[in-house]
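Everything on this sheet refers to the single structure shown next.
Here, each number is a calculation from the coordinates, and none is a lab measurement. Treat the numbers as computed from the prediction; the structure is a model and nothing was measured. With ideal geometry, Cβ positions are generated from the backbone for all residues, glycine too; neighbour counts draw on all protein chains shown.
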Ligand SMILES: *Cc1c(COP(=O)(O)O)cnc(C)c1O
């Protein structure tokens with residue numbers, strides 16, 4: 001494969017580019033999008049690049065009613081005349097894992113990668129170059145067969161849209177407050193917590209709202225069975241620094257396997273940190289915060305890269321983490337990791353693709 005030529009339908013006029021530093025995350029989209037449709041007769045049709053536009057779907061589209069809908073998220077970074085992508089192959093691989101779990105047809109990873117490179121080349125002027133800024137890339141697939149019945153749909157749409165985004169914290173790290181959720185659960189083993197499907201987010205919104213009303217920005221989820229073991233933050237994985245070692249919950253089938261998580265583990269080990277993947281009891285974490293052995297907590301994900309936690313509410317008690325300051329480990333990993341992403345530092349791992 002790899003030699004598919006992609007059709008490009010030119011836009012009649014181009015949009016004015018915004019001042020990205022004032023743009024709210026995920027609200028502005030570029031001039032073009034990737035599009036491919038699936039039918040059982042032809043599989044995924046030849047992909048095309050089209051002017052960004054509304055989709056046409058039936059009100060009976062299966063994906064709306066029964067939730068066959070999955071997505072990915074990655075970013076493109078500007079480095080001089082080049083645009084850099086970070087491990088894009090991992091995202092398409094994970095998209096296929098998600099598709100498989102929801103009994104949806106798999107996409108061709110190589111065709112997708114090449115189509116993405118073409119799309120990014122066409123839209124290179126949309127990749128912002130301010131500190132912490134990037135072009136957020138959102139591939140997604142959903143069922144669009146007009147049929148109200150519960151079975152795998154026959155037809156699907158696959159699109160990729162692009163959105164210029166400012167750094168979560170304007171390129172600066174800023175500690176957040178996290179609420180440990182004791183009532184609701186996000187996922188259970190054997191369910192779909194380990195894939196990026198739309199329904200996981202729908203299930204998390206009420207808890208997120210409750211936390212926000214109490215003054216917390218994010219929810220930390222515990223396991224869905226015993227509600228004792230730390231899982232993740234819903235759009236981020238989580239790391240702890242305890243006695244100078246980095247600890248993160250071991251993947252167990254209900255935690256999403258973050259590409260940032262995996263890459264941070266590799267980078268940290270490369271830099272000489274000891275990293276442990278463990279099952280972490282929430283009471284153990286609470287004790288570690290009380291006795292001072294847990295010195296830092298941070299989330300990891302594509303959107304924010306690293307998000308330090310300054311305050312955490314566990315079983316109704318508030319704990320301040322590292323004086324509500326950005327800790328040295330978070331700072332060190334953030335600087336090195338984003339340095340690789342923007343092409344300012346060496347990439348000994350081969351993570352970067354230059355477009
Ligand atoms: C996307 C996502 C993450 C982070 O994954 P990255 O690949 O690092 O962006 C973590 N948790 C959930 C539930 C997610 O959907």
Check: Between region 105-175 and region 214-268, how many Å separate their Cα centres?
Finding: 24
Next item on the list: Please report, in cubic angstrom per residue, the volume enclosed by the convex hull of the alpha-carbon atoms of the chain.
Entry: 143
Next item on the list: Have a look at 315, 281, 42 and tell me which one the Gaussian network model of the chain (Cα, springs below 10 Å) gives the largest fluctuation.
Entry: 42
Notebook entry, point to check: Against the longest alpha carbon principal axis of the chain, how many degrees, from 0 to 90 and to the nearest 10, is the axis of helix 282-291 turned?
Noted result: 50
Next item on the list: Can you tell me the relative contact order of region 1-62? Whole percent, Cα pairs under 8 Å, sequence separation 6 or more.
Entry: 38
Note to self: Would region 156-224 count as rounded, prolate or oblate if I go by the C-alpha gyration tensor, calling it rounded below 1.5 in a/c and otherwise prolate when a/b exceeds b/c, oblate otherwise?
What the structure shows: oblate
Next item on the list: Kindly provide the helix-only [θ] at 222 nm of the chain, computed as the sum of -39,500 (n - 2.57) over DSSP H runs of four or more divided by all residues, to the nearest 500 deg cm²/dmol?
Entry: -7500 deg cm²/dmol
Next item on the list: Report the relative contact order of region 7-165, percent, no decimals, based on alpha-carbon pairs under 8 angstrom and at least 6 residues apart.
Entry: 36
Check: Angle, helix 88-101 long axis vs. longest principal axis of the chain, Cα atoms, 0 to 90°, nearest 10?
Finding: 90
Notebook entry, point to check: Over all pairs of distinct alpha carbons, what does the Kirkwood formula give as the hydrodynamic radius of region 144-271, in Å?
Noted result: 17.1
Notebook entry, point to check: Does region 240-300 classify as rounded, prolate or oblate by the C-alpha gyration tensor (a ≥ b ≥ c root eigenvalues; a/c under 1.5 gives rounded; else a/b over b/c gives prolate, otherwise oblate)?
Noted result: oblate
Check: Taking Cα atoms, how many degrees apart are the long axis of helix 259-270 and the longest axis of the chain, rounded to 10 and kept between 0 and 90?
Finding: 50
Notebook entry, point to check: Which whole-number percentage describes the relative contact order of region 176-341, with Cα contacts under 8 Å and a sequence gap of 6 or more?
Noted result: 24
Margin query: Among 299-310, 323-334, how do they line up by average Cβ neighbours within 10 Å per residue, starting with the highest?
Written below: 299-310, 323-334
Next item on the list: Please label the shape of region 76-198 as rounded, prolate or oblate, based on the square roots a ≥ b ≥ c of the eigenvalues of the alpha-carbon gyration tensor (a/c under 1.5 means rounded; beyond that, a/b larger than b/c means prolate, else oblate).
Entry: oblate
Margin query: Just to be sure I understand: with springs between alpha-carbon atoms less than 10 Å apart, which residue in 54, 114, 252 has the highest mean-square fluctuation in the Gaussian network model of the chain?
Written below: 54
